[in-house]
Structure formats: C-alpha cells, structure tokens
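The values are calculated or read from the model by the stated rules, or taken from the named source; none is laboratory data. All figures in this text were calculated on a predicted structure; none of them were measured in a lab. Cβ sites come from the backbone with ideal geometry, for glycine too, and all protein chains shown count toward neighbours.
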Amino acid sequence: MTVPLRHVFRWDLDKTYLRTDFDTWVGLLRTAVERPERKRTVPGAAALMRELRALGHVHITVLSGSPEQMRPVLEAKLRLDGVQWDEFVLKPSLSNLLRLRFRALRDQVGYKLPALLRARTRVPTGAHETLFGDDAEADALVYSLYADILAGRIGETTLRALLEKAGAYPDATEEVLRLSRTMLHGNVVDRVFIHLERLSEPSFFSRYGARIVPIYNYFQSALVLSCDGLLPPEAAVRQAAVLTIEHDFDVRDLVAALDDVARRGHVTSAGLESIARAAETMREPFPLSSEARATLAEGLRRAPVRPPPTEVAVDYLAALVDDRARWEAAKRRARREAREP
C-alpha cells in the first residue's frame, strides 16, 4: 500500500540555509566562486532539515534565487551536510540575461511566486506545507501571498496590480494568474519561518498574520514544529544539543530564544512540557550535560507562553512598499559596513 505524502517543506537557500553575502559586488563574486566545503551553513539548518527528512513520507524542496550555473556547487554543499532533497529549483539568470530581462536578475516576486505555484502542482492535493525563508528580501511577502492564493483569498485584480508594482514581467504575471485559477483552494500552508538574518524586528512581520514566525535561530523553529505536532519532542532537544555542542551556543541563550518565541505566542505550554520531559529523560549521540538538560527543562516549563497572534487581512500593496523600503535600507547599511575599516 502506498503511504500518502505527509508534509511538504520548502526551503530558501541564501541567508536561510547558507550564510551568503550578496549585498556587495565583492560578496557576490566571492559567493559565486566559493567551493562547497568553504560555504557556511546557518547554525542548525542542516540538522533541522535532516530531522524533517527522518519523519518519512515528506517532500523537501529547495527554491533559491541563486543562478542555475551554481547548481553543482550548491548540491555538493548540501550533500556534504548530509541533506537530502526531492526538488531543487534555481533561477535561470543566464537565460534572463540573454533575453535582456535585466529586472528578472533581481526580481524575487516574479520569480518565486510562479515557481512556488508550479511546484504545488507536483504534490498531492491537500498536502500541507511549511516554508522557510529569511528577511533579506521578499520571502515573507511571497510566501504569505502564495498561501493566500492557495486559500482563495486573493482576487485577480489585486494579484495583477501587485505583480506589476513588484516589477514582474508580463509572462510571469500571466502565469501566476493562470495557475491561481487552477488551484484547488484550501488552508494548506501551516507555517512560514523567516530567519532574521538582518535582525529585522519580529513585529514588522505581524502584518502577515499568525502564519509567519520570525526566528533568530533554528532551535526556535524546532520548538514551534514540535508544539505543532510535526516534530517529536526529542527532535527539539537534539536541535538544542547540536547548537550547543557544534556551534557553541550557551543553553541560557537557547532559553532566552525560547522565551522570545513563547512571548510572541508561537508555542504551547503542553508542547513545551513534552519537550521538557524529553530533555530530562533522553540519551542521544549528542548528549547535553545533566546541568544543561536541567537548565533547558526548567526554561521550557517557565516560558512565558502567550496566546497566538491574531489573523489579519494582508494589504499586499502596502506591504510591498514597506518591505521594499526595509530591504533597500538593509542593503545600504550592509554596503556601508563593508566599506568601513
């Protein structure tokens, strides 16, 4: 008997999984020529992706704005990290350049949104999804828009106006509209994690509603996924162990991260209690010391859990303007810092 697909996980790559610098030409060139073993993984990202794969009957997609020409290097890096994926989509930058589609080289909305909708046609109807992105550019906006298209909440007039304002080419706009008409509607996107690579204020993303979960590290993601019932409690403890042992995190820092995500209403007391019990009882290849496990368990039980955020109707046109201003300000700041001695 064929076991049905359990869940779809979609990951961005740059600044979500890999620590990359594309704010300056020097950083962009360095990223392009860097060998797989020199590329740096965001702490905990590889471990979390391996945990997701271990769930079984899941589909993992990597969707990146990196050019297609980088595929061999990027795939080699993922293999070095022990990561397995089902689909790997990269941007056809050379094709866009040869066709003189210069806006497409930087456009994220007109690239990622149709790519997401095409990918949705390749998974079973009704399969639920969790998406991972970052705050460097448009991931929160694009992922939220994708979720609302699938839920049937976006009209064609709004969708067309948004894509035109984002600078998408007409063929990308028409493809999005065509695909949106064919989608079977449903609330299938459960969570959107936004890695705060640029240390954006989490409150900025409240305009996108409760689905968006800004995170400073992947221990926070593991906590939320465990409280949601997607990951076992032991997986969240293993994530804590990986961050402390392999990446020099202090357990007290993880407790602070726990408090942060609890205050924002993304976890439950019952879920945290299950993780606390796992921290106290489990023994793994990456064992936390008894003192660290006790500190973690105490923090889990004392976390200031608040009610979940309220749902909102997203004003996508206003969000695009505000998001774009945030991206550009962050890029200017990064370039300024790069010039400073």
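Scan the range 36-72 residue by residue and report those that are in a helix (DSSP H, G or I) and surrounded by fewer than 18 Cβ atoms within 10 Å (Cβ to Cβ).
Hits for the range 36-72 are 36, 37, 38, 50, 53, 54, 68, 69, 71, 72.
For residues that are under 19 Å from residue 159 (Cβ atoms) and assigned to a strand (DSSP E or B), tally how many sit in the range 181-205.
Residues flagged as under 19 Å from residue 159 (Cβ atoms) and assigned to a strand (DSSP E or B) within the range 181-205 amount to 2.
Restricting attention to the range 170-201, and to residues there that are surrounded by fewer than 13 Cβ atoms within 10 Å (Cβ to Cβ) and hydrophobic (A, V, I, L, M, F, W, C), which single residue is farthest from residue 218 (Cα to Cα)?
184
Report, by residue number, each residue of the range 206-237 that is in a helix (DSSP H, G or I), out of contact with any helix residue (DSSP H, G or I) (no Cβ under 7 Å at 6 or more places or on another chain) and not small (Gly, Ala, Ser).
225
Please work out which one of (1) surrounded by 15 or more Cβ atoms within 10 Å (Cβ to Cβ); (2) within 26 Å of residue 141 (Cβ to Cβ) is the condition residue 236 fails and give its number.
Result: residue 236 fails condition (2) only.
Of 236, 172, which residue is at pLDDT 95 or above and not polar (S, T, N, Q)?
Answer to the check: 236.
Given the criteria of a type outside the set (Phe, Trp, Tyr), under 18 Å from the mean Cα position of the chain (by Cα) and modelled with pLDDT of 95 or more, does residue 62 qualify?
Answer is yes for this residue.
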